Amino acid sequence: MRLSRFGLFCCSLVLAMLAEYCAYLNEGGGGNVRRALHVIALTVFFMVMTLVFEHFISWLGRDSKQTESSQSHPSILSRLLRRIAPDFTGDRHQALKAAGVMAVCWLPYYLLALPGEIWYDTVQQVLQWKGLPNAITSGAWSDHHLVLDTLIFGVFYQLGAWIGHPSVSVALYTTCIAAVAIAVFVYTVRYLAKSGVSRKAYLGAFLFFCVFPFIPIFSMAMVKDAVFLPLFMLFSVQCMEVARTKGVCLKNRRTLTVLIVLAILVSLTKKTGVYSVVLACILLAFVVAGNRARVKLLGTATASGLVIFAALPLVLFPACHIIPGGKQEMIAIPLQQSALLLREHGDELPKAEKDVLTGILEPDAADNYEWWAVDKAKGTHWTEQRARLLHPFLRIWAKNAVKYPETYARAYFLLEQGWVALPNAIVNENLQSNYLYMRTAPSPNIVTSDLPHSKHTRLYGGIDQFVIWLGNQFFMQPWLSRAFWVTWLPFMQLYETIRRLSAKELSWTYAAWLVPMLVSVPFMWISGGSVTPEGLRYLMPMLGIAPIGCALLTVDANHSSER
């Protein structure tokens, strides 16, 4: 375990410099000596956090059963917890008990949000279901928001419409998605319990899913990411099983079918889902034994790709008159950088280059540039003109990246600073309860869609303000920071995994449990806004898989080496 700490120091220094660079961008520069001191302090802070994480994992890995047996007279609290805590290695009755405990913990959030939390994008999808004008189309369906999600929300809306009250449709959706999420989280904990992790680790994962407020808040929201999360968790568990068995489980046709179906559903419920699936299958191919297992993994990736890139655009969309989603989502970062380039250096660019940039960007993108979101640069429509200018645009964008690297870096890190910077007085990068988002504003779109909106503005606003205040407190700030869940915790998990691999205390088959995290992080860093409310739903998968990386580090060395 004596891996040199020089690597930890270098990584901590990089994280510190990125965090301070974002503060520099927000504050307008100045104070070089003060900033150098901040970098030193942050480097020490990140190193200390990692060392504390090591001790936390060491504590998690201790055999709690031996600890309990060594106590001749267990405390009242120990006996109470033993009675309440389900046996995750037990039968289905224990699984139902676990689901019941989690449901009770989630109940206050369920009642507070009833009939349910509705996001802006969902409103547009319901309007498409009804064939009404919306922010994306004049009434037609669009793959800008994935069709399967629109279908799910539309079906629930239709059920409420038949009953005669739209609130019923939202409440029914909230109940169903909460039940699905609870079942998936319990299934995940049961898998961990039966796969060699310590008792403290899987009970800690269960406790996290039960009481960390943002898990139930976002799992019950009427938003496409809440549909994606349980499917991604199930796909992650299948990936873990493939790694743990070195691909032997793929010999079972049922297991292989489940993996393929989940891979396709993950691809159908998030724009980047197909890329996550492909990347996961490629990474797992290095862990499994035998070419047959590798072929099955690559076949799974191919099946997902064929559905997304062939079956949908070539068959389903034309047959159902669905408008394909635009490519502006995939080049959002270059569009954002180009908008700032026009704003700061437009007079220095040749006319031909300016014409291409203004032609592919939204009208007046330079004047309407917003550092915190890409919407004013990318828009929602992909026109023939944009398609024609795509290749010239990419050449011009790459060329000016060499000429104006500072402008490009500023546009990028201002946009993605929520994933790396500490919250500050100018930008709030904390997690938020987000009950206020589209719950209290009776906008024309909500009125047209007949979706319910809340009148409890003061209550929801008070909740948001309390969570923001809590996140700004010294001891709570790191744990409620978006950067902790997206960057710092994954870094610490990866670092500890490498240390244990070097010390031969962990096998590659268990180290591959990090695959769900490894295929999620890259797409966080190309998201369209890390400090906006949208950033909160982007990081939902990171919250769901966070306990997995901690649990794998508690696998007994002997158990791990047997695989």
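None of the figures in this text is laboratory data; all of them are computed from the coordinates on show. Note that the structure is a prediction, hence the values are computed from the model and not measured. Glycine also receives a Cβ, built like all others from the backbone with ideal geometry; neighbour counts cover every protein chain displayed.
Here r is the Cβ-Cβ distance between LYS403 and ARG83 and R0 is 51 Å; the resulting FRET efficiency, rounded to 0.05, is 0.15. Across the stretch 327-419, Cα pairs under 8 Å and at least six residues apart give a relative contact order of 39 percent. The stretch 114-155 and the stretch 231-295 have Cα centres spaced 30 Å apart. Three principal axis extents describe the C-alpha atoms of the chain; from largest down they are 80, 66, 57 Å. The simple spin-label model puts a point 7 Å past each Cα toward its Cβ; for ARG62 and LEU314 those points are separated by 6.0 nm.
Could you give the length gained on full extension between HIS391 and VAL155, defined as 0.36 nm per residue of separation minus the Cα-Cα distance, in nm? Separation in residues times 0.36 nm, less the Cα-Cα distance, equals 81.0 nm. List, in the order given, every pair from LYS224/LYS327; LYS271/LYS399; LYS194/LYS246; LYS194/LYS270; LYS246/LYS271 whose Cα-Cα distance in the structure shown is over 24 Å. Long pairs (Cα-Cα over 24 Å): LYS271/LYS399; LYS194/LYS270; LYS246/LYS271. For the stretch 126-197, what class follows from the C-alpha gyration tensor (a ≥ b ≥ c being the square roots of its eigenvalues): rounded when a/c is under 1.5, otherwise prolate if a/b is larger than b/c, else oblate? In terms of gyration-tensor shape, oblate. If R0 equals 41 Å, the separation of the Cβ atoms of PHE6 and ARG292 corresponds to a calculated FRET efficiency of about 0.50. Listing VAL33, VAL52, VAL14, VAL189 from fewest to most neighbouring C-beta atoms within 10 Å gives VAL33, VAL52, VAL14, VAL189.
If you take the alpha carbon atoms of the stretch 327-419 and fit the smallest convex hull around them, that volume is 87 Å³ per residue.
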